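Input: a single structure, listed below in structure tokens.
The values are calculated or read from the model by the stated rules, or taken from the named source; none is laboratory data. Predicted model, so just to flag it, every value in this text is computed and none were measured. Every residue, glycine as well, gets a Cβ built from its backbone with ideal geometry; the counts of neighbours run over all protein chains shown.
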Amino acid sequence: MSSSDNLIIFDTTLRDGEQSPGASMTRDEKVRIARALEKLRVDVIEAGFPIASEGDFEAVKAVAETIKDSTICGLARALDKDIERAGEALKGANAGRIHTFIATSPIHMEKKLRMTPDQVVDQAVKAVRKARDYADDVEFSPEDAGRSEIDFLCRVLEAVIDAGARTVNIPDTVGYAMPHQFGGLIGQLRERIPNADKAVFSVHCHNDLGLAVANSLAAVRNGARQVECTINGLGERAGNAALEEVAMAVRTRQDLFGCDTRLDTTQIVSCSRLVSGITGFPVQPNKAIVGANAFAHESGIHQDGVLKHRETYEIMRAQDVGWTHNRMVLGKHSGRNAFRARLAEIGVTLDSEEELNAAFSRFKDLADKKHDIFDEDLQALVTVATLDAANERVKLLSMKVCSETGETPDAEVVLSVDGEERRGNATGGGPVDATFRAIESVVQTGTTLKLYSVNAITSGTDAQGEVTVRLEKAGHVVNGAGADTDIVIASAKAYLNAVNKLARPRDRAHPQLGDV
């Protein structure tokens, strides 16, 4: 391995990340994130699972037609119908990849697939050959490889490489592996498979035991040259390997890994904020690389050391991942050009003049409420301004909330429901509870509130509050997000954002469901 070796970054935020409960994204939201990933210089973007629904198909198709500098990938089970659908969605891609998979662990083959090992090998080979009819770039994954027998893994992978797979991905599907064990597995596979030199070895690790990044890095040390990961570690259950952690670990410890990514790491923070804003999943302050406290020093000893020589307590520069202390602060007198220029500097791209006008209008409204507007405020503004208006069946027109010591809080809301003005009143245990009850008196969704989270976007008493709301109804989980300098209004916006998502068609299938 030489320092010139390239580590391919395969981002699956739009596919596996979207499987987080409540993280479902619209087509336009997927395109926005894909553009940010392209600007980050991600090698491969897994845009979705085209067979899952018409919405997923259209989203993969839109991303494929929009993105030019990254390879666009579609997921497909080892089934003809899945592969055909993926091939159709990727027709417009400048560079397309089909990623097909079938389970190989004894428990999956016996209990889920009800297939013999011979049948699984035949199905895998058939799927890869079918995929090659639609794309030269084909990836194969043996699902639950972490619990598969190594002799059988060698047999399957040798067969699919012969059939034309140019990337073979080893997933730790249930997050069961330990780093030394998983790294050793990759090393053994590369040694034992006769045609291993004809394919790139990839890994896809889940974080059930908090080891997704550690397992991925152990695999890289043993010759893996593609890592499948997500922004902020987003993903179902405990999530996936975090892209930002893998990338910066490899770059910071060149002495150990002997490879590097081609990422423009200065785009990491803006990409993280975008994904957080769209999905409604806040980033914890002490999250590595992208958390608000990632480069903060509270200890006097640490502060003194950093002031004297940064490297005493910092192993990388905050600016290298997109943090900057030289931010242009906008205010009520800032004009459209300054607003547009600052958006471009923080990596925000708007599709049309109409979207720019909507964002600028919200910017002016916010400038009347708070004196200084920071980059974090702009990210939140743009996320709100570019919501899919076609899916906003319910809109907040006005609200009035009364909270007084010794009295029961009450709220009155005026909503537009499919263009019809409707009013609701309710009391509650607090102003937010009363507001939610007032909204429910109108929309009557019958949902259960599973999560209510508040984060200050910036410092100061006039800071915007960013609220995340998670609602559940009959197993359907959605997240809603809202921001405002008034936390109660932000809460109402977040609740309505979630209500509108509940109204969307829900026909996505989990990629691991269905008969194979």
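Among the residues of the range 250-268 satisfying the criterion of being in contact with a helix residue (DSSP H, G or I) (Cβ under 6 Å, 6 or more places away or on another chain) and either of a type in the set (S, T, N, Q) or in a helix (DSSP H, G or I) (or both), which is surrounded by the fewest Cβ atoms within 10 Å (Cβ to Cβ)?
Going through the qualifying residues, I end up with Phe257.
Look at Arg225 and say whether it is surrounded by fewer than 24 Cβ atoms within 10 Å (Cβ to Cβ) and closer than 18 Å to Val44 by Cα.
Against the criterion (surrounded by fewer than 24 Cβ atoms within 10 Å (Cβ to Cβ) and closer than 18 Å to Val44 by Cα), Arg225 qualifies.
Quick check on the range 34-47. Is at least one of its residues under 12 Å from the mean Cα position of the chain (by Cα) and modelled with pLDDT under 95?
The first filter runs over the range 34-47 and keeps only residues under 12 Å from the mean Cα position of the chain (by Cα), leaving 34, 36-37, 45-47.
With the extra rule that they be modelled with pLDDT under 95, the set shrinks to 36.
Yes, the range 34-47 has at least one match.
Among the residues of the range 433-479, what is the count of those that are in a strand (DSSP E or B) and at positive phi?
Within the range 433-479, the subset in a strand (DSSP E or B) is 448-456, 465-473, 476-479.
The next check asks that each one be at positive phi; those that pass are none.
Qualifying residue count, the range 433-479: 0.
Condition check ((1) touching a residue at least 40 places away in the same chain (Cβ under 8 Å); (2) part of a strand (DSSP E or B); (3) charged (D, E, K, R)) across all residues:
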site	(1), (2), (3)
Arg129	no, no, yes
Val138	yes, yes, no
Ser141	yes, yes, no
Asp151	no, no, yes
Tyr176	no, no, no
Phe201	no, yes, no
Cys205	no, yes, no
Asp208	no, no, yes
Ala214	no, no, no
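Give the number of residues within the range 118-127 that are in contact (Cβ under 8 Å) with a residue 40 or more places away in the chain and either closer than 24 Å to Gly187 by Cα or polar (S, T, N, Q) (or both). Explain how you work it out, then say what you get.
As a first pass, look at the range 118-127 and keep what is in contact (Cβ under 8 Å) with a residue 40 or more places away in the chain: 123-124, 126-127.
Next, only the ones that are either closer than 24 Å to Gly187 by Cα or polar (S, T, N, Q) (or both) stay: 123-124.
Looking only at that region, the number is 2.
Yes or no: Arg273 among the basic types (Lys, Arg), under 14 Å from the mean Cα position of the chain (by Cα) and under 18 Å from Leu37 (Cβ atoms)?
The answer is yes for Arg273.
Residues that are part of a helix (DSSP H, G or I), modelled with pLDDT of 95 or more and buried (at least 24 other Cβ atoms within 10 Å of the Cβ): does the range 234-243 have at least one?
yes
Of the numbered conditions (1) within 26 Å of Asn94 (Cα to Cα); (2) within 31 Å of the chain's Cα centre (by Cα), Gly184 fails exactly one; give the number of that condition.
It fails just one condition, (1).
When you scan the range 278-292, how many residues do you find that are buried (at least 24 other Cβ atoms within 10 Å of the Cβ) and not in a loop (DSSP other than H, G, I, E, B)?
So the answer is 1.
Please go through the range 118-172 and pick out each residue that is over 25 Å from Gly235 (Cβ atoms) and either acidic (Asp, Glu) or outside the structural domain of Gln188 (by TED's automatic domain parsing) (or both).
Asp118, Asp122, Asp133, Asp136, Glu149, Asp151, Glu158, Asp162
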